[in-house]
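Here's the structure, in structure tokens; my notes come after.
Throughout, read-outs are computed from the coordinates displayed, never taken from laboratory work. Here the structure is a predicted model, which means the values were calculated and not measured.
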Amino acid sequence: MSRTIKVSTWGKLGLGHITVRVRDGETGCEAAVRSIERRTRLAHFGGPCPQGSSVSSGTITDSQYSMTLGVPARPTGISVRGEIWFSVPADQGRSR
């Protein structure tokens with residue numbers, strides 16, 4: 001059974017606020033990466049890299065990540081198109 005989460009994105013390749021479907025056994029961060037790749041039609045080559053957390057009343061509310069997106073290219077291997085930052089609800093972050 002899957003569930004959905006709200007993810008905020010920003011940066012050069014930002015998509016604004018998106019709804020992401022999280023599959024069973026998948027973290028919110030993994031689901032966000034999959035959704036961003038599908039929506040931008042680009043692959044992630046760097047990241048996702050943790051960039052910190054938001055805290056409210058002493059409780060972590062969400063975690064931020066950044067990642068580099070691009071397309072495969074020859075002969076170098078990667079043609080970078082830009083970077084995207086995104087925020088995932090804390091209980092849906094990278095660690096399980």
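With respect to the chain, whose longest principal axis is taken over its alpha-carbon atoms, helix 28-40 is tilted by about 40°. The gain in end-to-end length when the S66 to S53 segment is fully stretched comes to 3.5 nm, 0.36 nm per residue minus the alpha carbon separation.
For the chain, the extents of the C-alpha atoms along the principal axes are 49, 29, 23 Å, listed from largest to smallest.
With the helix formula -39500 (n - 2.57) applied to DSSP H stretches of n ≥ 4, the chain reaches a computed 222 nm mean residue ellipticity of -4500 deg cm²/dmol.
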